[in-house]
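Worksheet: one structure, shown below.
The values are calculated or read from the model by the stated rules, or taken from the named source; none is laboratory data. Everything numeric in this text was worked out from a predicted model, so none of it was measured. Here the Cβ positions follow ideal geometry from the backbone for every residue, glycine too, while neighbour counts run over all protein chains shown. The protein model used for the area step is the full one, side chains on, heavy atoms only, and it has no ligands, DNA or RNA in it. Shrake-Rupley method; radii C 1.70, N 1.55, O 1.52, S 1.80 Å.
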Amino acid sequence: MPTSADGGAKEKEERMAEKKRVRVTLPQVPQVSEEQQAAEQLADLLPTSAKTVVIFGSGSGLAGQIFLRRAPFARVYGFLPSKAEAQAAGRVLTGAFVGTSGTTDLGMYGLLDVDCIAFAPTSCDGLTKDVLLRHASVLSADGQMVFAVENPSYLGRMLLALDGQPVMRPSCAPLWISKVLREAGFGCVYVTPLMNEADEARRKNESARALADRMKEFVKEEGLSVKLDPFVSTYLVRAGRAKQP
């Protein structure tokens with residue numbers, strides 16, 4: 001008949017065996033917010049060789065902060081539509097001011113010979129031909145203008161509108177920006193898609209693909225021209241005065 005001592009010994013052995021078992025703990029995958037993703041995407045568009053950078057619509061300044069980690073000797077200035085946003089961005093950027101892309105004259109801030117002027121999607125709606133040329137006038141000889149522009153033909157926006165949801169159609173198109181800057185003498189202008197996970201998922205959806213095909217047929221029948229991919233929500237426009245890769 002087993003004694004209490006035997007039971008205690010058995011429990012001790014079980015505890016020792018438990019300690020010897022190899023425990024595998026999987027690493028936690030950090031959740032990245034949409035703001036963080038957008039900031040990293042915008043920061044990736046900025047040339048690390050740039051010494052002076054201006055960002056319109058930089059939000060809290062996160063994109064500029066990420067860029068400064070890669071180019072610590074650069075100067076980054078942000079222009080935001082509200083005082084609260086400018087104050088937040090001013091804590092992490094070289095300087096931050098209240099202003100929009102459509103109303104700001106960079107020369108008035110002493111920002112001349114700028115290496116890169118970047119426009120977040122929210123800041124592109126205020127652009128006109130005169131505004132683009134005014135900003136272009138302060139670029140350095142090998143400076144660049146970088147735009148993350150919403151696609152006016154984006155299928156996702158059309159689907160939301162069909163569902164009865166209020167959707168703002170962007171007033172500025174990537175191909176229009178390209179045309180204006182080419183006419184202004186820019187030697188190098190690229191227009192390329194900026195895909196995200198939602199775009200990829202929508203492209204693989206059979207219903208969305210069928211709707212996109214119907215839309216293309218309708219456009220063709222009406223004699224219209226659509227040169228932008230309806231599955232891409234945002235396009236990159238990169239323009240430079242000098243011909244460079």
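Taking residue 93 and the conditions (1) open to solvent by 10 Å² or more (accessible area, probe 1.4 Å); (2) over 20 Å from the mean Cα position of the chain (by Cα), which numbered condition does it fall short on, given that it satisfies the others?
(2)
Could you count how many residues in the range 70-85 are within 17 Å of residue 35 (Cβ to Cβ), within 19 Å of the chain's Cα centre (by Cα) and open to solvent by 10 Å² or more (accessible area, probe 1.4 Å)?
Residues in the range 70-85 being within 17 Å of residue 35 (Cβ to Cβ), within 19 Å of the chain's Cα centre (by Cα) and open to solvent by 10 Å² or more (accessible area, probe 1.4 Å): 2 in total.
Just the residues that are over 18 Å from residue 45 (Cβ atoms) and either among the acidic types (Asp, Glu) or surrounded by fewer than 17 Cβ atoms within 10 Å (Cβ to Cβ) (or both), please, taken from the range 176-195. So that I can check it myself, show each step before the final result.
Here is the first cut: in the range 176-195, the residues over 18 Å from residue 45 (Cβ atoms) are 176, 179-180, 182-185, 187.
176, 179, 182, 183, 184, 185, 187 - these are the residues of the range 176-195 that are over 18 Å from residue 45 (Cβ atoms) and either among the acidic types (Asp, Glu) or surrounded by fewer than 17 Cβ atoms within 10 Å (Cβ to Cβ) (or both).
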